[in-house]
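S.K.: So that we are looking at the same thing, I have put the structure below in structure tokens.
The values are calculated or read from the model by the stated rules, or taken from the named source; none is laboratory data. Keep in mind that this is a model prediction, so the values were computed, not measured. Every residue, glycine among them, receives a Cβ derived from its backbone with ideal geometry; neighbour counts consider all protein chains shown.
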Amino acid sequence: MNTIKFESDKIYGFVEKECVAGYLPKANAAMEQVKNGTCKGNDFLGWVNLPSSITEETLNDIVETANNLRARTNVVVVIGIGGSYLGAKAVIEALSNSFAYYDNAPMKVLFAGHNIGEDYYHELVSYLADKEFGICVISKSGTTTEPAIGFRLLKELLEAKVGKEEAGKRIVAITDESKGALRTLANNEGYKTFVIPDNVGGRFSVLTPVGLLPIAIAGFDIKAFVKGAKDMEEYCLNTPDNIAVQYAACRNALNDKGYGVEVLANFNHKLHYVTEWWKQLYGESEGKDGQGIFPAGCDFTTDLHSMGQYIQDGVRMLMETVISVENPNYKVLIPTDTDNLDKLNFLAGKNVDYVNKMAELGTQLAHVDGGVPNMRIVMPNISEQTIGELLYFFELGCGISGTMCDINTFDQPGVEAYKKNMFALLDKPGYEEESKAIRAKLNK
Ligand code: PA5
């Protein structure tokens, strides 16, 4: 059973209830199109039934591979970018002890291939020099420049450190079944591989080995995570007006009223990368054909001391969706202080989370008063189950939202523009004409 709730009562001062209700039939119809495979981009709908279709055998293979890496190493570097990075990062950060990296955690999962920072690589290579490390390299296309550079660097380091044979046992590749340079390399080197299904795009791939293997390497229960997603799949796909439909209807109604930026805010730092994952999911899916809600993110209360001013008082184009976690996993009480110089003894004996919740409520009231329509997604706690539910909810909400706008939610033609220019500037073989053209443009 899914446990996540969606609340939208704080948008009705900005858009009439009847108006939002008017969007529900369209949202339900879009959900049926996504479910039945009749929406635009329907060759990329493999994610819709992933939670219910992933087999026990695949899950066991992933767990066994993770355990093998955990036995041979104490650091695994996950190499990937975009959809081949953010899902795993989001789940691992949400579930991890925030300070695990500062002491002797049994297994560290680090990330590379998601940037081309020379200093980052210098620091990473220096850090790994005396570590027993392994690599999980992920690229659906198998040709993306950023992870390919990262993999070159770390493969060379690993082979030099432990020899080619042992390195081959510590490298796992997740890529296309037959195409791409990574597939060829993995086959040539005899690496353990997992396949990203053809019909699942990168940003919808967290419930494939792309997300599941790194999460399992980090020591989390991927079966519980998949079960959470499956519960949400079963609930949503069998329930008209479900919460993903409601979310899609509300945000589209608000967008059409001129609220073109959605700020996803959390009051729990562990969810920072869930927001980063959501930004990619919605930005890459909806930002096309001159339309789309701009996805922005904030961590509260931290960002109330920076972005809070703009949200309260800036251009009135913002809607806010708050992810609220009902129960922390641990209890910390505020102590009494005999001097009471900070005048906080009125809070002594109260949970830290009580203060956080009052900050959350106070913020909601202030932002609504300031002209920001507010939606809430409430999860009972942070666990594998609830994160699984949350991510599937967002994926379906995205599929419905994009389909309501009659776009292909599942492609990303716009991301090719920078690559073409970068390859031209780097004089990549095959880009001779583009190189000439871009140099002429720069010299004008
Ligand atoms: O969502 C997407 O499809 C993209 O963000 C890709 O995941 C990203 O560009 C990485 O691509 P690849 O996995 O082919 O290296």
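S.K.: Looking only at residues that are in a helix (DSSP H, G or I) and within 14 Å of the ligand (Cβ to nearest atom) in region 66-95, which one is surrounded by the fewest Cβ atoms within 10 Å (Cβ to Cβ)? Give the derivation first.
M.R.: Start the filter on region 66-95 by keeping residues that are in a helix (DSSP H, G or I), which leaves 66-72, 82-84, 86-95.
Those still in the list that are within 14 Å of the ligand (Cβ to nearest atom) too: 82-84, 86-90.
Working: Gly82: 21, Gly83: 25, Ser84: 28, Leu86: 26, Gly87: 30, Ala88: 28, Lys89: 23, Ala90: 27.
Filtering first and then ranking leaves Gly82.
S.K.: Still on this structure, please answer the following. In region 296-347, what residues are touching a strand residue (DSSP E or B) at 6+ places or on another chain (Cβ under 9 Å), closer than 17 Å to Glu276 by Cα and polar (S, T, N, Q)?
M.R.: Thr321, Ser324 - these are the residues of region 296-347 that are touching a strand residue (DSSP E or B) at 6+ places or on another chain (Cβ under 9 Å), closer than 17 Å to Glu276 by Cα and polar (S, T, N, Q).
S.K.: Residue by residue through region 236-295, note down the ones that are touching a strand residue (DSSP E or B) at 6+ places or on another chain (Cβ under 6 Å) and free of Cβ contacts under 8 Å to residues at least 24 places away in the same chain.
M.R.: Result: Lys279, Gly283.
S.K.: Separate question: Output the number of residues of region 116-146 satisfying the condition of being in a loop (DSSP other than H, G, I, E, B), within 13 Å of the ligand (Cβ to nearest atom) and either of a type outside the set (D, E, K, R) or over 25 Å from the mean Cα position of the chain (by Cα) (or both).
M.R.: Summing the residues that are in a loop (DSSP other than H, G, I, E, B), within 13 Å of the ligand (Cβ to nearest atom) and either of a type outside the set (D, E, K, R) or over 25 Å from the mean Cα position of the chain (by Cα) (or both) in region 116-146 gives 4.
S.K.: Here's a follow-up. Quick check, is Glu177 among the acidic types (Asp, Glu), touching a helix residue (DSSP H, G or I) at 6+ places or on another chain (Cβ under 9 Å), without any contact (Cβ under 8 Å) to a residue 60 or more places away in the chain and within 14 Å of the ligand (Cβ to nearest atom)? Give the derivation first.
M.R.: Numbers: among the acidic types (Asp, Glu): yes; touching a helix residue (DSSP H, G or I) at 6+ places or on another chain (Cβ under 9 Å): yes; without any contact (Cβ under 8 Å) to a residue 60 or more places away in the chain: yes; within 14 Å of the ligand (Cβ to nearest atom): yes.
Yes.
S.K.: From (1) more than 22 Å from Val200 (Cα to Cα); (2) among the hydrophobic types (A, V, I, L, M, F, W, C); (3) not assigned by TED's automatic domain parsing to the domain that holds Gly292, pick out the condition that doesn't hold for Phe410.
M.R.: (1)
S.K.: Say whether the condition of being surrounded by fewer than 24 Cβ atoms within 10 Å (Cβ to Cβ) and touching a strand residue (DSSP E or B) at 6+ places or on another chain (Cβ under 9 Å) is met by at least one residue in region 200-213.
M.R.: No, the conditions are met nowhere in region 200-213.
S.K.: Oh, and also: Within region 147-167, how many residues turn out to be under 24 Å from Leu212 (Cα atoms) and either in a loop (DSSP other than H, G, I, E, B) or more than 8 Å from the ligand (Cβ to nearest atom) (or both)?
M.R.: If we filter region 147-167 for residues that are under 24 Å from Leu212 (Cα atoms), which is where we start, we get 147-152, 154-155, 158, 166-167.
Adding the requirement that they be either in a loop (DSSP other than H, G, I, E, B) or more than 8 Å from the ligand (Cβ to nearest atom) (or both) leaves 148-152, 154-155, 158, 166-167.
The qualifying residues number 10.
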